[in-house]
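**Q** Can you keep this structure in mind? I'll have questions shortly.
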Amino acid sequence: MPDIITRNVPPVEQNWLKEMANAVSDPQNLLQQLELEPTAWKSGFSARDLFAQRVPQSFIDRMEKGNLNDPLLRQVMPVIDEFEDVPGYTTDPLEEQDNEQPGLLHKYKNRVLMILKGGCAVNCRYCFRRHFPYEENRGGKSVWREAITYLQAHPEVDEVILSGGDPLMAKDHELEWLIEAIESVPHVKRLRIHSRLPVVIPNRVTLALTDMLAATRLNVVLVTHINHANEINDEFRAAMAHLKRAGVTLLNQGVLLKGVNDSVDALKNLSNALFDAGILPYYLHVLDKVKGAAHFLVDDEEAKILMAGLIKEVSGYLVPRLTREIGGRDSKTPLDLHLE
């Protein structure tokens with residue numbers, strides 16, 4: 001499989017593609033690497049039939065061996081709770097799946113979101129798009145040309161957001177073509193890339209990628225998706241340093257997750273680790289109510305208490321905005337903390 005994936009790809013790009021190809025898809029394999037007895041987990045192994053397990057080795061290497069409650073493991077391990085049918089949890093919590101133009105979402109007035117690729121480097125069990133019909137929203141130049149035509153007809157749009165799946169699953173030559181096409185639309189000023197890939201596989205930040213982002217006339221923002229300080233290692237910090245030198249603005253959005261980061265200390269450590277890596281905390285989302293993820297829910301009142309505690313522990317610029325996204329709304333909805 002790796003040989004097929006990396007054929008005719010520059011050697012430096014093969015590194016991350018090989019890591020992708022060798023991602024761990026067997027829960028038992030993952031637990032064996034972490035020296036964990038699989039008996040307690042076996043009932044949940046079949047949840048990968050609902051949503052496949054995919055975990056790159058680089059991410060596994062940051063997990064603590066012998067720790068059933070490792071916060072990185074909890075994000076990716078299939079569990080029996082995913083089969084629970086909980087009222088209010090749906091396959092399309094943000095009402096995205098009936099969009100008129102495949103691969104393009106125009107939910108907010110001044111910006112459009114392109115579903116660039118359907119795949120991800122890691123399958124997070126709380127993913128709000130775990131049921132998204134990617135087969136009906138396939139990427140590729142023919143679809144991207146239609147998106148450019150749409151942009152040209154909508155002068156109110158000054159920002160393009162690349163999303164997915166994960167947009168950095170696109171190869172560098174594909175991104176170069178697309179960025180040049182977006183640049184050709186004069187009223188577009190900003191390019192925002194939402195990606196989990198750089199933290200999961202830091203090798204994805206190639207020289208070709210940083211060069212193209214440095215060369216574009218567009219103001220580029222990379223929004224990483226990191227939920228716990230343990231995800232941040234030296235390789236990731238080095239990758240972010242390369243992007244900063246390329247003039248890329250670095251922000252982070254996370255999700256508040258039960259058993260992962262639902263403590264003031266975890267949130268404080270995350271904010272500090274992000275800033276040490278050159279990234280500003282941007283959003284902390286409450287859980288999108290996607291079917292199969294109810295066991296991750298931190299309710300609104302507890303979320304507000306946690307954020308009130310975080311404000312007392314870190315500088316103001318290290319406090320992300322606590323928010324939720326509601327399908328059909330023309331903006332995200334902040335949660336009022338009622339601070340005393």
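The values are calculated or read from the model by the stated rules, or taken from the named source; none is laboratory data. The shown structure was predicted, so the numbers you read here are calculated from the model rather than taken from an experiment. Note that we place each Cβ from the backbone using ideal geometry, even for glycine, and neighbour counts take in every protein chain shown. Accessible surface is based on the protein model in full, side chains and every heavy atom, while ligands, DNA and RNA are left aside. Shrake-Rupley method; radii C 1.70, N 1.55, O 1.52, S 1.80 Å.
**Q** I'm trying to understand the selection: among the residues of region 252-270, which are among the small types (G, A, S) and either surrounded by fewer than 17 Cβ atoms within 10 Å (Cβ to Cβ) or closer than 22 Å to V220 by Cα (or both)?
**A** G254, G259, S263
**Q** Go through region 261-302 residue by residue and tally those that are aliphatic (A, V, I, L, M) and over 19 Å from N69 (Cα atoms).
**A** 9
**Q** Select from region 137-158 the residues that are more than 15 Å from L116 (Cα to Cα) and not in a helix (DSSP H, G or I) and list them in ascending order.
**A** Residues satisfying the conditions are A153, H154, P155, E156, V157, D158.
**Q** Additional query: Out of all the residues in region 43-59, which are in contact with a strand residue (DSSP E or B) (Cβ under 8 Å, 6 or more places away or on another chain) and open to solvent by less than 30 Å² (accessible area, probe 1.4 Å)?
**A** Correct list: Q53, V55, P56.
**Q** List every residue pair whose Cβ atoms lie under 6 Å apart, where the two residues are 6 or more positions apart in sequence or sit on different chains, the first residue falls within region 298-315 and is without any contact (Cβ under 8 Å) to a residue 60 or more places away in the chain and in a loop (DSSP other than H, G, I, E, B), and the second residue, located anywhere, is surrounded by 15 or more Cβ atoms within 10 Å (Cβ to Cβ) and of a type in the set (A, V, I, L, M).
**A** V298/L256
**Q** Right, something else. For region 35-63, enumerate the residues that are in contact (Cβ under 8 Å) with a residue 60 or more places away in the chain and not hydrophobic (A, V, I, L, M, F, W, C).
**A** Q53, R54, P56, S58, R62, listed by residue number.
**Q** L222 versus (1) under 27 Å from E64 (Cβ atoms); (2) surrounded by 21 or more Cβ atoms within 10 Å (Cβ to Cβ): which is the lone unmet condition?
**A** It is condition (1) that L222 fails.
**Q** Looking at region 1-32 only, could you name the residues that are modelled with pLDDT of 90 or more and surrounded by 15 or more Cβ atoms within 10 Å (Cβ to Cβ)?
**A** W16, L17, K18, E19, M20, A21, A23, V24, P27, L30, L31
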